[in-house]
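Working notes, beginning with the structure itself.
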Amino acid sequence: MNRGFYIILAAQFFSALADNSLLFAAIQLLKEQAAPSWQIPVLQQFFVLAFILLAPFVGAFSDTLPKGKVMLISNSIKTVGCIALFIGVHPLLAYGFVGVGAALYSPAKYGILTEYLPSNKLVWGNGWMEGLTVLAIILGAIIGGFLIGQRVELFVEQTFRPLPFNLGIDTAAEFAIFAILGFYLTAAIFNLFMPKLPIEHKLTKKTFSFLWTDFWRCFVLLWKDPLGQVSLSVTSLFWGVGTTLRFIVLTWSASALELNLEQATQLTAVVAIGLAIGSVIAARLVPLEHAVKVLPMGIAMGVAITLMAWITDWRLAVFMLVVIGTLAGCFVIPMNALLQYRGHLLMGSGHSIALQNFNENACILMVLGAYAMMVDADFAPETIVIVFGLFVALAMAWLNRMHTHDQD
């Protein structure tokens, strides 16, 4: 591939790296403020809420402008949210504003792949995009965990607190946020050199009523499409459970493995390593026309999550989390590519990705809400793991059966 494709990947990598590192800094801020434990998963809910509320408009916005320009605007909004967190805005509100930028960013980052790559390269391109995004999740967890750890706290105490002037850096979390700003700025530099592609699916109207009606028309169209329906169901379920799993691992590892927050954040990265492995396997072995044949992998992933409840050794935990991530990558990458391809054909890439975001983040909101209620009700971490594992296995078995029935 030419330089333009690698610029797209680099811009996405640094923006995702910043998002994932910032999450752990925001979690640490909540802990420093002695916030109730249920606010930690709600932090992610504030982030994804923008994907739901702005879904009728971000797809149209993405399809109206060159995708590179949309990504630059979106990254600038994320940067403002990061600065807001640094200057003392409540973490829920500030991270929610970062979510606004992410909601605008997502249709452009995936939509540009469908415009830039031929259909026979979409699974391959998605494998690269998801692989680097997963790498950003891994490094984001590692860097985020390190930046809020004791070593950085000691560095801040020795370096910044003795200064005669106040830079606003008094804790490791504040230093982490300041450092993460550099990732957003790096992403913005790559955004400036994105490939300039012709605008597809120009809108005839841009009024609120037209965009609202057009969004729901596309919503029904995608859900009525057999391949769009199954791929949208699978990806929504994956992201709902996958996002919540990050918080479950933080709580479960403290209970079952006796890890602190810095160590637990690094353990969440292990799932992402498996996801990267699964992405590579899917990109090499699963062509777009055979994407639906990977659905049984989701059932196996649910079973593997359930088994985590009986693990008390960190080495076995690392192995199982890699297995879970690998199974997830093997089925979600082909499903994601299939959904993008069908959506691009039916309504335009920006519209389809916005619809995908709406459904996936609505699922994230619901699953995180269920998790927050279980935490508030003092469910044991092991019980939560079992509930989520069985939910995934049963839901994927049902989706596999429904698709098999439709094919008969």
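Table for the structure above
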read-out	value
Members of region 219-231 that are in a helix (DSSP H, G or I) and either farther than 19 Å from residue 298 by Cβ or modelled with pLDDT of 80 or more (or both)	219, 220, 221, 222, 223, 224
Residue 37 farther than 23 Å from residue 134 by Cβ and either free of Cβ contacts under 8 Å to residues at least 12 places away in the same chain or of a type outside the set (Val, Ile, Thr) (or both)	yes
Selection within region 340-373 - over 15 Å from the mean Cα position of the chain (by Cα), hydrophobic (A, V, I, L, M, F, W, C), at pLDDT below 75 and assigned to a helix (DSSP H, G or I)	345, 346
Residue within region 373-394 that is in contact with a Gly (Cβ under 9 Å, 6 or more places away or on another chain), surrounded by fewer than 17 Cβ atoms within 10 Å (Cβ to Cβ) and not hydroxyl-bearing (Ser, Thr, Tyr) present	yes
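The values are calculated or read from the model by the stated rules, or taken from the named source; none is laboratory data. All values reported here derive from a predicted model rather than from experimental measurement. FYI the Cβ positions are ideal-geometry reconstructions off the backbone, even for glycines, and counts take in every protein chain you see.
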